[in-house]
1. Here is a list of conditions, (1) over 15 Å from residue 20 (Cβ atoms); (2) touching a strand residue (DSSP E or B) at 6+ places or on another chain (Cβ under 8 Å); (3) assigned to a loop (DSSP other than H, G, I, E, B); (4) modelled with pLDDT of 95 or more, and residue 36 meets all of them except one; can you say which number that is?
2. Tell me which residues, restricted to the stretch 224-235, are at pLDDT 95 or above, in contact with a helix residue (DSSP H, G or I) (Cβ under 8 Å, 6 or more places away or on another chain) and in a loop (DSSP other than H, G, I, E, B).
3. Scan the stretch 257-287 for residues that are under 27 Å from residue 193 (Cβ atoms), assigned to a helix (DSSP H, G or I) and out of contact with any strand residue (DSSP E or B) (no Cβ under 9 Å at 6 or more places or on another chain) and report the count.
4. Keeping to the stretch 54-89, report how many residues are crowded, with 20+ Cβ neighbours inside 10 Å and assigned to a loop (DSSP other than H, G, I, E, B).
5. Answer yes or no as to whether residue 359 is in the same structural domain as residue 15 (by TED's automatic domain parsing), assigned to a helix (DSSP H, G or I) and either farther than 30 Å from residue 168 by Cα or over 24 Å from the mean Cα position of the chain (by Cα) (or both).
6. Only one residue in 324, 319 is more than 20 Å from the chain's Cα centre (by Cα), crowded, with 17+ Cβ neighbours inside 10 Å and in contact (Cβ under 8 Å) with a residue 12 or more places away in the chain, so which one is that?
7. Can you tell me which residue is surrounded by the most Cβ atoms within 10 Å (Cβ to Cβ) among those in the stretch 189-202 that are touching a helix residue (DSSP H, G or I) at 6+ places or on another chain (Cβ under 9 Å) and in a loop (DSSP other than H, G, I, E, B)?
């Protein structure tokens, strides 16, 4: 069985890495292709899983438009497919890399396997452009691995045959077995000692600069008023660092850093009192570790943790974000009620389940468009 796995961003690597490792362990002939969408960010994750991509397309260029990047992914991955002749192309999530690779597989008449299928907000503007990308991937994919029951139902409602949808949980949670026992590779400042730690990540394209400033102002006020400490690894997306440094200037209750690796991110989750994020992956990981989360988005495709009571959806206005963050930091009873592990997104064994299905489909001759 010959398989081609395509990934470009760090979240894709974090969520495909455990599956690639599992399929290799089962004897699959794996070709791993990196599009280079997140070059430095993804390198750390590849190493953790012991994977070196067989090819790196290095498709990122300064100021490259989404349309240009997508067209280059389709063209270049089509060439990789022609050269490797895989039995299936594996993509994950909703990035430009996954969307472009899924299109390439579809146009090449090669089955596309979609990992983390069926997530929906039903709002094409949020997240942008991910909501469009994942819906389009569902149209081009032959097999769909849904992380939750809700995602499974979304796919069925869109007319996809249930025989081609498999409920497995999310492979991203499998990555915790690779970082278990890891501690922070850097020291927190002395003034963070004995304080509640707030771990914050912000990166979404649809979050306007003023909304970002509102979130940062709210978190700064909350940690100062509650005498907590915010650790904020800043995403390298253009403009975020400038706004972050401006918003937290001379704030003794915050640490602004560059992006952190997967082990450090998991370690931060384990020691944090609270997580503030617009990241889908971190929503899942916080729920899995039992770390309460404030989700600074209007809508989320991961409603399970909100329903379970381990996260809250705050929106991005300064007052609502401040109210949620400060409210949780100052209300120990409410905070403690949210400290419970939620397994709605998986049990840490999704890769094994997906590998079982792919191998079974291949052996039965059903791995086809």
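The values are calculated or read from the model by the stated rules, or taken from the named source; none is laboratory data. Given the structure is predicted, the values throughout are model-derived calculations rather than measurements. Note: ideal-geometry Cβ built from the backbone for every residue, glycine included; neighbour counts use all protein chains shown.
1. (4)
2. Within the stretch 224-235, 228 is the sole residue that qualifies.
3. 5
4. Residues meeting the conditions: 3.
5. Working: in the same structural domain as residue 15 (by TED's automatic domain parsing): yes; assigned to a helix (DSSP H, G or I): yes; either farther than 30 Å from residue 168 by Cα or over 24 Å from the mean Cα position of the chain (by Cα) (or both): yes.
For residue 359, the condition - in the same structural domain as residue 15 (by TED's automatic domain parsing), assigned to a helix (DSSP H, G or I) and either farther than 30 Å from residue 168 by Cα or over 24 Å from the mean Cα position of the chain (by Cα) (or both) - is met.
6. Numbers: 319 fails: crowded, with 17+ Cβ neighbours inside 10 Å.
Selected residue: 324, the only one of 324, 319 that is more than 20 Å from the chain's Cα centre (by Cα), crowded, with 17+ Cβ neighbours inside 10 Å and in contact (Cβ under 8 Å) with a residue 12 or more places away in the chain.
7. Pass one, the stretch 189-202, residues touching a helix residue (DSSP H, G or I) at 6+ places or on another chain (Cβ under 9 Å): 195-202.
This time we only want the ones that are in a loop (DSSP other than H, G, I, E, B), so: 195-196, 202.
On the way: 195: 17, 196: 19, 202: 24.
Here the answer is 202.
To keep it simple, each residue is scored yes or no on (1) surrounded by fewer than 23 Cβ atoms within 10 Å (Cβ to Cβ); (2) out of contact with any helix residue (DSSP H, G or I) (no Cβ under 6 Å at 6 or more places or on another chain).
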site: 217; (1), (2): yes, no
site: 237; (1), (2): yes, yes
site: 265; (1), (2): no, yes
site: 291; (1), (2): no, no
site: 296; (1), (2): no, no
site: 302; (1), (2): no, no
